[in-house]
Amino acid sequence: MNRAFNRKKDKSWMHTPEALAKHFIAYNVKFLGHTEVDQPKGTEVVKDAVRKLKFQRHIKKSEGQKIPKVELQISIYGVKILDSKSKEVQYNCQLHRISFCADDKTDKRIFTFICKDSESNKHLCYVFDSEKCAEEITLTIGQAFDLAYKKFLESGGKDVETRKQIGGLQKRIQDLEAENSELKKQLQVLEEQLMIAQVPPGNSMSSKTPTDIFDMVPFSPMTPLVPLPASNGSAPPPPATPSEIRRDLFGAEPFDPFTCGAADFPPDIQSKLDEMQEGFKMGLTVEGTVFSLDPLEGRC
């Protein structure tokens, strides 16, 4: 890491090693935001980022937006950016990914650091407004680097590798939890669709015969008549045979003038019918006017 602050050799650090190694140092600051930079270090790089974010903040301030307040937690493991009220972690910048840290000598309130993003591998410059603590915060981050480097030398590099592996596993766990949550949502949607599509047994509308407003089955000449069971539960009567259909309720065959012939009547009745038909064919004369039942000869 390249540090843009100067520390006298005889000047001791501001915090005890235990405070940064076992706990953290907290600062309440205003977060101007972060922006992507081309280089991982350089004073001019952070100056350009500060000018860019200050300009964006002025625009948002003119629109009525306030600068959000955050809490910085600095330790030998990194810099955490938390919401000042909810204490929710917004960004977790691991120390070995921070490549540059500096405070603005012209503006004592501004300090920045550059960190390589773990997902996109892009270098992001974070800018903060800290009233009068910009230099102190920069020195605290420098002390955290100094302690972390000493611990690295004492452990032979194993401690850093272990932290990297733990960080990778934690990231993998977060990805799996997010994937598991998405799969649960998809499963819930499929279960709801299955419940809607499923028809309960015995309530199928396709097997029920449609009825009219009087709850009666409408007659259709195309459908055969099916005998329905009696109300007392007994079996329906058998269908009538052709011999039974030709007799009326008194046991006599019904009269049909269109099917009856000469052989269907007794001789005396048949002869009288023949005489009546001949009389109608000859016509009747009334006061000189002839009436005929023949439609081709009938005139008035």
In the stretch 107-119, what residues are under 19 Å from residue 39 (Cβ atoms) and outside any strand (DSSP E or B)?
117, 118
Counting only residues that are in contact (Cβ under 8 Å) with a residue 40 or more places away in the chain and part of a loop (DSSP other than H, G, I, E, B), which one in the stretch 84-106 is surrounded by the most Cβ atoms within 10 Å (Cβ to Cβ)?
104
Residue by residue through the stretch 12-31, note down the ones that are assigned to a helix (DSSP H, G or I) and open to solvent by less than 90 Å² (accessible area, probe 1.4 Å).
17, 19, 20, 21
Against the condition more than 40 Å from the chain's Cα centre (by Cα), loosely packed, with under 15 Cβ neighbours inside 10 Å and modelled with pLDDT under 90, how does residue 184 come out, does it pass?
no
Selection within the stretch 139-168 - closer than 18 Å to residue 115 by Cβ and either basic (Lys, Arg) or at pLDDT below 85 (or both)
160, 163, 164, 167, 168
Scanning the stretch 32-83 residue by residue, those part of a strand (DSSP E or B), among the aliphatic types (A, V, I, L, M) and either closer than 24 Å to residue 105 by Cα or open to solvent by 20 Å² or more (accessible area, probe 1.4 Å) (or both) turn out to be 32, 37, 70, 72, 74, 79, 81
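The values are calculated or read from the model by the stated rules, or taken from the named source; none is laboratory data. Everything quoted here is computed from the prediction, not taken from an experiment. Note: ideal-geometry Cβ built from the backbone for every residue, glycine included; neighbour counts use all protein chains shown. We work out accessible area using only protein heavy atoms, side chains counted, and drop any ligands, DNA or RNA first. Shrake-Rupley method; radii C 1.70, N 1.55, O 1.52, S 1.80 Å.
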